[in-house]
1. Collect the residues in the range 153-207 that are in contact with a strand residue (DSSP E or B) (Cβ under 7 Å, 6 or more places away or on another chain) and basic (Lys, Arg), keeping them in residue-number order.
2. What are the residues in the range 145-163 that are more than 30 Å from Leu80 (Cβ to Cβ) and either in a strand (DSSP E or B) or in contact with a Lys or Arg (Cβ under 7 Å, 6 or more places away or on another chain) (or both), if any?
3. Kindly indicate whether any position in the range 97-116 is touching a strand residue (DSSP E or B) at 6+ places or on another chain (Cβ under 8 Å) and modelled with pLDDT of 90 or more.
4. If I ask for residues that are among the aliphatic types (A, V, I, L, M) and in a strand (DSSP E or B), which ones from the range 95-144 would you list?
5. For the range 240-263, give me the residue count where each residue is surrounded by 14 or more Cβ atoms within 10 Å (Cβ to Cβ), modelled with pLDDT of 95 or more and in a strand (DSSP E or B).
6. With the structure loaded, tell me whether Trp284 is of a type in the set (A, V, I, L, M, F, W, C), outside the structural domain of Glu105 (by TED's automatic domain parsing), part of a strand (DSSP E or B) and modelled with pLDDT of 90 or more or whether it fails that test.
7. Could you tell me which numbered condition Asp95 fails, if it satisfies all but one of (1) within 15 Å of Phe43 (Cβ to Cβ); (2) in contact with a Leu (Cβ under 9 Å, 6 or more places away or on another chain)?
8. Among the residues of the range 24-39, write down those that are assigned to a strand (DSSP E or B) and surrounded by 12 or more Cβ atoms within 10 Å (Cβ to Cβ).
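The values are calculated or read from the model by the stated rules, or taken from the named source; none is laboratory data. Not measured: the values here are computed from a predicted model. Every residue, glycine as well, gets a Cβ built from its backbone with ideal geometry; the counts of neighbours run over all protein chains shown.
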Amino acid sequence: MQSPVLSLSMKGKVSWRPVFEYDNSENEGSITFRKKVTHITMFTARTFDREVNDAARRQTQHHARGSVSLDLSRKAFEVLGVVATEHAAVTTEYDAALRLVRERETEIVRATKQSTEQTYTIGPRSKLNLYQKIFTFAGLTYECDAVKASPRPIRETEVVDVTVKVRPVAFIRDIEVVYGDSAAQAPPVRVAEVHGGNEDINGGFGGKYVWLRPVYTLDPAAAASRFDLVVQDGAHAAWPDLAKGAGGQFRYLRAVRDGMAHAKMTHLTLFRGGFLERVDQWGWVGKTGDINGGRKGDFLYLAWKTQTVLNSVA
């Protein structure tokens, strides 16, 4: 499923935070001192997801034509790029922090570093206020390298335009079982065998050709968290049989949507060949039991990848 790419116009803010104050107003001489400033970067993915969802909803509502619009509220997004602009020019000053937005490796990130020591001189009968530049944006707080010394308090703030390019994550909602009478009838979109092997679930057993076609959704709440394999002697009239026409037991795959699970399915593949206890060495996180269990032939598993979805989205 090819999801639309959105270019969201969002706002960040630059302000100046006091980090040091020295009052030399009662001295006739100058004072020199050295100071190190700590830089902390904080990023909360939950806040970012909420603000991106709000921006996507506003933008799609604004551009909706007629009565039809794309509902992009409460979606999970893949971040493709983030660019900050100040005074109509692209700036790279905040790139080190915006990298956390793009990578999204953990829910909360806190990174600390110390600057090089700086020397400051305060003249006779004067004051010095030292301020650090702070950039905030959608769950991100970045204490910049820039500092400013001033005899008076700095209260100025500045808006930074931030363009975020995102794509809604397409999740697996279910699978559709497709039957055919020849290999030529295979659907163009189907679950592939991970090593390029036979994708026909019924391969080697006669009966119908059987393929699995993924059914997608942009709604994380509707996404599957796993598939259960059901093998039984009796038919279930409402479920499509993976062994149609081959005789023997009936075989079904059932999508499970666990509302308490944060891991939602994004990719599917088949593993055909020998016995598999685990599939994580190939980058897959879960699998069914052997679809061909009890009827000999190849071992055959449906495996999946997932993406973690936060409560604010799911």
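1. Lys165, Arg167, Arg173, Arg190
2. Taking the range 145-163 and keeping what is more than 30 Å from Leu80 (Cβ to Cβ), we get 147-156.
Those that are more than 30 Å from Leu80 (Cβ to Cβ) and either in a strand (DSSP E or B) or in contact with a Lys or Arg (Cβ under 7 Å, 6 or more places away or on another chain) (or both): Val147, Lys148, Ala149, Ser150, Pro151, Ile154.
3. Residues of the range 97-116 touching a strand residue (DSSP E or B) at 6+ places or on another chain (Cβ under 8 Å): 97-98, 100-102, 104, 107-115.
In the following step, the residues that additionally are modelled with pLDDT of 90 or more were identified as 97-98.
For the range 97-116, residues touching a strand residue (DSSP E or B) at 6+ places or on another chain (Cβ under 8 Å) and modelled with pLDDT of 90 or more: present.
4. Filtering the range 95-144 down to residues among the aliphatic types (A, V, I, L, M) leaves 96-98, 100-101, 108-109, 111, 122, 128, 130, 134, 138, 140.
Those that are among the aliphatic types (A, V, I, L, M) and in a strand (DSSP E or B): Ile108, Val109, Ala111, Ile122, Leu128, Leu130, Ile134, Leu140.
5. Going through the range 240-263 one residue at a time, the tally reaches 6.
6. Numbers: of a type in the set (A, V, I, L, M, F, W, C): yes; outside the structural domain of Glu105 (by TED's automatic domain parsing): yes; part of a strand (DSSP E or B): no; modelled with pLDDT of 90 or more: yes.
When the stated conditions are applied, Trp284 does not pass them.
7. Condition (2) is where Asp95 drops out.
8. The first filter runs over the range 24-39 and keeps only residues assigned to a strand (DSSP E or B), leaving 24, 31-35, 38-39.
Selection gives Asn24, Ile31, Phe33, Lys35, His39.
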